[in-house]
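Notes follow once the structure below has been shown.
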Amino acid sequence: MSAVLVAENLRRTLPGVVPVTLIDDASLVIDRGEFVAIMGPSGSGKSSLLYLLGLLDVPTSGRIELDGEDTTAFDENRLADVRLRKLGFVFQFHFLLAEFTVLDNMLLPMLRLGRLDPQAAAERAHGLLALLGMDGHSHKRPGQLSGGQRQRVAIARALANDPLVILADEPTGNLDSHSAANVQKILRTLVDEHGKTVITVTHDAAFAGRADRLIGIVDGRIDPHWVPPTLAPVGIQATPKSQ
Amino acid sequence: MMPLALRIAVTHILARKRQTLVSLSGIVLGTAFFIAVSALMRGSEQDFIRRLIDNSAHITVSDDFRSAGLQPAAERWPEAVVAIRGVKPQREVRGIRNYREKLRYVESLPDLRVAPVLTGSVVLTFAGRVQGMTLSGVIPATIADVTTIEEKIVAGSLDALAANPNGIVVGQGLIGKFRLAMGRNLAVATSEGAVRTLKIVGIFRTGNAAYDETQGYVLLKRAQTLLDRPNRVNRFIIQLDDPYRAREVARQIEQRIGYKSVSWIEASEDIMSLLLVRNIIMYTVVIAILLVAAFGIYNTISTIVMEKTRDIAILKSMGFHARDIRNIFVAEGVIVGLCGSLGGALAGLGLMHVLGRISIRVPDMPGDLTHLPLDRSLDQFMLAFAFAMIATIVASFLPARKGARVHPVTILRGAT
């Protein structure tokens, strides 16, 4: 398998009177079609690492290569273009636009990219909603859906532009156990059946157990020896892949 | 299909109907008042200038000079120091010298009409009462071309002066004051001691009480005899097809004939500057109204931006550029501004219609109803529209720029 995402010596420091280091010297390689879970104690820098890998935040030093493209020198607009074409995001909160219907929410990234005409985009949106068991809800507004349904729409939206990598920040954090299990299953299916790469941050050891690989992070540093106690029995090691 | 930014903007606006309506009302009222007040002020200004232009000469050439001429000795030896004591100035009949030749020159100029006039002061006596009067000697055919006096005749006519060389046309104010009537005789005395009896052959009423009491018209020849100024006139009254060329034509005439030529613009400079000040005050007030309305839009867009920071963050995380975000919120301002300006233009038209129906009865002038003068020209609609649009674009651009600067990570971290 070839690498889709390569991070080298990432450091992210928040400037200030007392600078705060969020991520310190993080290096990792993620392959195409891999399901990676990032875990660690609260405040350890899991989300910060995800935002760096998702090109939402810019590292203070280090480099990130996505799909063979070095993004180090990219300005804000080029990073946005890469996100639009190659990345999809799912957050703990669904972040659907409340005034728009489910279909309109789906159409936004597709129309912004402009790869499909509006009719083809609508067809694709309906297809994705069907894939996630949300067909028949396209005309509804987010307020008319349950938490689990909203998150499924958010996942469908993340898939709208057929991204290489889906980045999920605690996507099951706000869901009941049934909905959470459903979302976990969907993400796993995306990897297994659709060849997507999924990187997820989670506190849920059971969810992390579904991943191919676990990356442990402690105090902003990737810790290859960190194993969450609940995962130890199943033998998943928290190890980043070396390049 | 609608552009994406516009589509999002329309959805945002429709989701906040009440807030949008308040902002919209501000712009509608601001634009409507701008148009109505501007129409009223400009209408009254135009009416005032029209009256000024109609009731006074566009150019008056008088028998004066702008600067006193040089003495013959100073002309002869311009570099020398000349001091001549006990100079006795040459006595000369006042008036424009060789006026016929100068009149021919003025008449040769295009797009104008000119009338020679000799004006002087006389004293009027009737039934033991005495009244000072300005007597104008005119040629009826030419004076009718350059003044509106013929339109103001309420009895008799100016042409009657040609038929009766001893005729006089006086104002209704004088008729009332002296209890005169058409066909009655008046004794007119000049400062030179000449006395002549003149017969009233016409009565005018201009509405200006002082003018109607103290002005009189006689035949030019009669005035020249009475005032002892044979073959002289002391004024050319000139009317132009385009009154706004008056300054330029006056300069041309003065350069050629030497006598002081004053355009109505020069003569009314104080009034014109007063009108300018009035316009500045008016536009300041109406622009202030629009600015207040623009603050309403600023407030609405700011609120939307504040409420939508999470949406902005997610749109940016999806790959929307900062300028896409800015365009969304500017589009919201433009939509409100556009609807408000168009609504304001319609409301302004309605206000103008209402104002145009108001009639005012002028005291002491029975039968004369005056309507508020309104300027209905398109350019003030354009001006109001432009101001409203600029105000709304600026008002929406500021919060839009702030929204575009939202850093998605900052919002996503704090969101629940």
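Read-outs throughout are calculated quantities, based only on the coordinates presented, and are distinct from any laboratory measurement. As the structure is a prediction and not an experimental result, all values here were calculated from the model. Ideal geometry is used to build each Cβ from the backbone, glycine not excepted, and the neighbour counts take in all protein chains shown.
Is the shape of the range B:72-163 best called rounded, prolate or oblate, per the rule: a/c under 1.5 gives rounded, else a/b larger than b/c gives prolate, else oblate, with a ≥ b ≥ c the square roots of the Cα gyration tensor eigenvalues?
Since a/c reaches 1.5 but b/c is at least a/b, the shape of the range B:72-163 is classed as oblate.
Taking 28 Å as the cut-off for C-alpha to C-alpha distance, list the pairs among A:46/A:140; B:177/B:260; A:140/B:402; A:46/B:308; B:88/B:260 that go past it.
A:46/A:140; B:177/B:260; A:140/B:402
Sort B:160-166, A:70-76 for me by packing, meaning the mean count of neighbouring Cβ atoms within 10 Å per residue, highest on top.
B:160-166, A:70-76
Taking H as built 1.01 Å from N, whose amide H comes closer than 5 Å to the amide H of residue A:200, not counting residues under 5 places away?
Excluding prolines and chain starts, which carry no amide H, the hits are A:36, A:37, A:38, A:168.
Which of B:133, B:389, B:306 moves the most in a Gaussian network model of chain B with Cα springs under 10 Å?
The residue that fluctuates most here is B:306.
Share of antiparallel DSSP beta bridges in the range A:3-234, in percent to the nearest 5?
Given both bridge residues lie in the range A:3-234, the antiparallel proportion sits at roughly 50 percent.
Tell me, what is the FRET efficiency for residue B:256 and residue B:338 to the nearest 0.05, using R0 = 56 angstrom and their Cβ-Cβ distance as r?
Taking R0 as 56 Å, the efficiency between residue B:256 and residue B:338 is 0.50.
For the range A:3-234, what is the charge dipole size about the Cα centre, in debye to the nearest 20, if Lys and Arg each add +1 at the Cβ and Asp and Glu each add -1 at the Cβ?
460 debye
So which residue, out of A:193, A:123, A:34, gets the largest mean-square fluctuation from a GNM of chain A using Cα contacts under 10 Å as springs?
Looking only at A:193, A:123, A:34, the biggest GNM fluctuation is shown by A:193.
Provide the packing ranking of B:280-292, B:252-264, i.e. peptides ordered by the mean count of other C-beta atoms within 10 Å per residue, highest first.
Peptide ranking by packing, descending: B:252-264, B:280-292.
Going by alpha carbons, how many degrees (0 to 90, nearest 10) lie between the helix axis of B:17-55 and the longest principal axis of chain B?
The helix B:17-55 is inclined about 10 degrees to chain B.
Relative to the longest principal axis of the C-alpha atoms of chain B, give the angle of the C-alpha long axis of helix B:309-318, reported between 0 and 90° and rounded to the nearest 10°.
70 degrees
Other chains' Cβ within 10 Å of B:10-23 residues: what's the mean?
Across the residues of B:10-23, the mean count of other-chain Cβ atoms within 10 Å is 1.
As a test, work out the antiparallel percent of DSSP beta bridges whose residues both lie in the protein assembly as shown, rounded to the nearest 5.
In the protein assembly as shown, approximately 65 percent of DSSP beta bridges are antiparallel ones.
Could you grab the relative contact order for chain B? Cα pairs under 8 Å, six or more apart, rounded to a whole percent.
Computed value for chain B: 27 percent relative contact order.
For peptide B:316-329, how many partner chain Cβ atoms fall within 10 Å of a residue's Cβ, on average?
5
Within 10 Å of each Cβ of A:93-101, how many other protein chain Cβ atoms are there on average?
Across the residues of A:93-101, the mean count of other-chain Cβ atoms within 10 Å is 5.
Percent relative contact order of chain A, based on C-alpha pairs within less than 8 angstrom and at least six residues apart?
Once divided by the residue count of chain A, the mean separation gives 28 percent.
Efficiency by 1/(1 + (r/R0)^6): what FRET value for residue A:177 and residue A:42, r their Cβ-Cβ distance, R0 = 30 Å, to the nearest 0.05?
0.90
Could you tell me how many degrees, from 0 to 90 and to the nearest 10, lie between the Cα long axis of helix B:246-257 and the main elongation axis, the longest principal axis, of the Cα atoms of chain B?
30 degrees
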